[in-house]
Amino acid sequence: MIRIRNLTKRYGSFQVLTDCSLDVPDGRVLVICGPSGSGKSTLIKCINGLESFDEGSIEVDGISVGDPSARLPQLRAKVGMVFQQFELFPHLTVEQNLMLAPRRVLGRGRAEARDRAHALLDRVGLLDQAAKYPAALSGGQQQRVAIARGLAMDPGVMLFDEPTSSLDPEMIGEVLDVMIRLAETGMTMICVTHELGFARHVADEIVFMDGGRIVEAGSPEEFFTNTRTDRARRFLARLLYPGELAQAAHVERRLE
């Protein structure tokens, strides 16, 4: 589904990504973790053309992202994106937030777009909130709406940029539940997150980044039990306790 080769990006003289290469097969869940400023968010924003890049290549389902002739609306219809901040339109209702892009980009009729919006809101447990405006919802509810909005375009892949980082601890679980259910359907997912409990139990592969580079990548078992680099070991030692234990317990209960 996604093929990244030797990706390099600079902001002026500052190099934020250096020679990054990844493959994400269809139906797989990839988690990217690492310290702040390591290039994680920039990497996934390059995938759907929100950020340009200087060298290398990205292909998403056969579309070359860096090709000047590539149609970005067509690309973004294939790639759903969920941000740290919810980025919902405050002047539109929840239902209208979900209907807008399918109508304008995919050309769906009003009734079809509304039916799809209601089905997705039901899927994330928020159908009864369809007529409300985002300000009337909790942070966790708004993020679930943002996930539903991304799914409204029927994408082939979903990108998550630290979707729980701005939430209170009590709200993190409800968003993780939606992401777990989405992974269980076989959706291709790339998640930038520090929720290591989620990563341990849901990811097919974990990538650790530092300084704009991919330092190591492997299965969750390899990453958590046989970490190859001192830098990744130091990162895990600072995050695993006590927060990761609580996250892991939540994910395990959900998977049971």
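The values are calculated or read from the model by the stated rules, or taken from the named source; none is laboratory data. Keep in mind that what you see is a predicted model, and the values were worked out from it rather than measured. Cβ coordinates were reconstructed from backbone atoms using ideal geometry, including for glycine residues, and neighbour counts include every protein chain displayed.
Pairing residues of segment 1-20 that are touching a residue at least 12 places away in the same chain (Cβ under 8 Å) and over 14 Å from residue 57 (Cα atoms) with residues that are of a type in the set (S, T, N, Q) and outside any strand (DSSP E or B), at Cβ distances under 6 Å and at least 6 apart in sequence or on separate chains, gives 16/42. Select, from 220, 155, the only residue that is modelled with pLDDT of 90 or more, within 23 Å of residue 88 (Cβ to Cβ) and of a type outside the set (A, V, I, L, M, F, W, C). 155 is the lone residue from the list that is modelled with pLDDT of 90 or more, within 23 Å of residue 88 (Cβ to Cβ) and of a type outside the set (A, V, I, L, M, F, W, C).
Considering every residue within segment 17-28, establish whether at least one is surrounded by fewer than 19 Cβ atoms within 10 Å (Cβ to Cβ), among the small types (Gly, Ala, Ser) and part of a loop (DSSP other than H, G, I, E, B).
Among the residues of segment 17-28, at least one is surrounded by fewer than 19 Cβ atoms within 10 Å (Cβ to Cβ), among the small types (Gly, Ala, Ser) and part of a loop (DSSP other than H, G, I, E, B), which makes the answer yes.
Looking only at residues in segment 182-198 that are in contact (Cβ under 8 Å) with a residue 24 or more places away in the chain and assigned to a helix (DSSP H, G or I), which one is nearest to residue 29 (Cα to Cα)? My answer is 183.
Hey, could you check segment 212-228 for residues that are touching a helix residue (DSSP H, G or I) at 6+ places or on another chain (Cβ under 9 Å) and assigned to a loop (DSSP other than H, G, I, E, B) and say which is farthest from residue 84 (Cα to Cα)? Going through the qualifying residues, I end up with 228.
For residue 59, state whether it is at pLDDT 90 or above, surrounded by 14 or more Cβ atoms within 10 Å (Cβ to Cβ) and part of a loop (DSSP other than H, G, I, E, B).
Spelling it out, it is not the case that residue 59 is at pLDDT 90 or above, surrounded by 14 or more Cβ atoms within 10 Å (Cβ to Cβ) and part of a loop (DSSP other than H, G, I, E, B).
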